[in-house]
Amino acid sequence: MAGAATQMQYMLAVIDSARAKGLSKNQVSPRTLENDTLKMVRGQDWTSGFFPGALWYMYEYTGNEKWKQQAQAYTRSLQPVQYYGGTHDLGFIMYCSFGNGYRLTKDTACRSVIIQSAKTLATRFNPVAGVIKSWDFASASKWQYPVIIDNMMNLELLFEATKLSGDSSFYKIAISHADKTMINHYRSNYSSYHVIDYDPVNGTVRQKITAQGYSDSSSWARGQAWGLYGFTMCYRETHNKKYLEQAKHIAAYIISRLPADKVPYWDYDAPGIPNEPKDASAACVTASALYELYTFTKNKQYRTIADQLMQELCKHYVSPLYMNKGFILLHSTGHKPANSEVDVPLSYADYYFIEALLRRKNL
Ligand code: GLY
């Protein structure tokens, strides 16, 4: 954790220096490296909540006020996003930032932002299909109502909003989305499709396809991790055993597909393995989810695999200090089919890495 703190402190200095040189105020959060330059993104970008969230985790880990002040400042910059209905990623954006902020400070300002964000996210729910729409942009496959497995991660915001407001409609939407996802996204071996395209009028499934994976029938590594994390979280929030069973099945599938060093290639079915890029972000999400699943099951295998993943990341994936603009982990893959963000640091790899370190410490 000491190395992670040094890197994050360094990243804060890099951002301050970029601001002094005229970085736009709209560029609020770091996402990745592009040609050795720090790529900052606007609040509406799906990754904008991860750096504020990582700062909150640093505060949680150390109790040091300096992290709290930075976390508050970076979180505050996302306030306008609570009204942005153009993405399903409000859960990622607002829960990682304001959700962690509320968890650690009980600040009432965070509370109202979380509830409003959930209201905005709920506008993307179609009661006939029973799911939240992920993307608004068009595609070559001419999808009508795309829902991606990643969307399971946005449900945490809805569960939290019901707890904070007493309004059960958010909870019901989350349950409906999880139940439909369990039925439609999963194959009989508990691997997941990336995108399910629904008919928004009658709610039937039109297509089962991929966007970021190798093929429609392959297992995109981060998608498998989002599902594992999402259903484990749904069990935590509902105590419904069917979600726990689903998470256990997904874990078994992932564990059966991990390579010898445990860190996944970007897709478990990528044709050129072992000469394919790895995805450290998938490894971090998987490890963090396995630690939580271990707390519910006491199945030592989950903890052992998560420990192996973390050891490998610490040994071969961490950036040297004061390099890579302060990112903690190297070798993640964002969108391989689009040749975008391949073998780079990514803010969400760092966020789930720190979360996994904290979860391991708290076991
Ligand atoms: N939610 C986008 C991704 O996992 O790449």
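The values are calculated or read from the model by the stated rules, or taken from the named source; none is laboratory data. Source: prediction; values computed, not measured. Reconstructed Cβ throughout: ideal geometry from the backbone, glycine too, with neighbour counts over all protein chains shown. Heavy atoms of the whole protein, side chains included, go into the accessibility calculation; ligands, DNA and RNA do not. Shrake-Rupley method; radii C 1.70, N 1.55, O 1.52, S 1.80 Å.
Kindly evaluate A178 against the criterion of being modelled with pLDDT of 95 or more, in contact with a Cys (Cβ under 6 Å, 6 or more places away or on another chain) and buried (at least 19 other Cβ atoms within 10 Å of the Cβ).
The answer is yes for A178.
Every residue in segment 282-306 that is of a type in the set (D, E, K, R) and open to solvent by less than 40 Å² (accessible area, probe 1.4 Å), please.
E292
List every residue pair whose Cβ atoms sit under 9 Å apart, with the two residues 6 or more apart in sequence or on different chains, where the first one lies in segment 294-313 and is closer than 14 Å to Y229 by Cα and the second, anywhere, is of a type in the set (G, A, S).
If the second residue must be of a type in the set (G, A, S), the pairs left are Y294/A306; F296/A247; Y302/A251; Y302/A289; A306/A287; A306/S288; A306/A289; A306/A356.
Mind counting the residues in segment 332-350 that are open to solvent by 40 Å² or more (accessible area, probe 1.4 Å) and either within 11 Å of the ligand (Cβ to nearest atom) or without any contact (Cβ under 8 Å) to a residue 60 or more places away in the chain (or both)?
5
Out of the residues in segment 38-76 meeting the condition of being in contact (Cβ under 8 Å) with a residue 40 or more places away in the chain and more than 16 Å from the chain's Cα centre (by Cα), tell me which one is least open to solvent (accessible area, probe 1.4 Å).
Out of the qualifying residues, it is M58.
Identify, from the list T210, T204, the residue that is farther than 30 Å from C110 by Cβ, in contact with a strand residue (DSSP E or B) (Cβ under 8 Å, 6 or more places away or on another chain) and more than 16 Å from the ligand (Cβ to nearest atom).
T204
Just checking, how many residues over segment 187-239 are surrounded by fewer than 24 Cβ atoms within 10 Å (Cβ to Cβ), under 19 Å from A174 (Cβ atoms) and over 21 Å from the mean Cα position of the chain (by Cα)?
2
Suppose we keep only residues that are closer than 27 Å to A338 by Cα and of a type in the set (D, E, K, R) within segment 88-142. Which one would you say is nearest to the ligand (Cβ to nearest atom)?
D89
Could you please let me know if K242 is of a type outside the set (D, E), open to solvent by 40 Å² or more (accessible area, probe 1.4 Å), under 28 Å from A174 (Cα atoms) and outside any strand (DSSP E or B)?
When the stated conditions are applied, K242 passes them.
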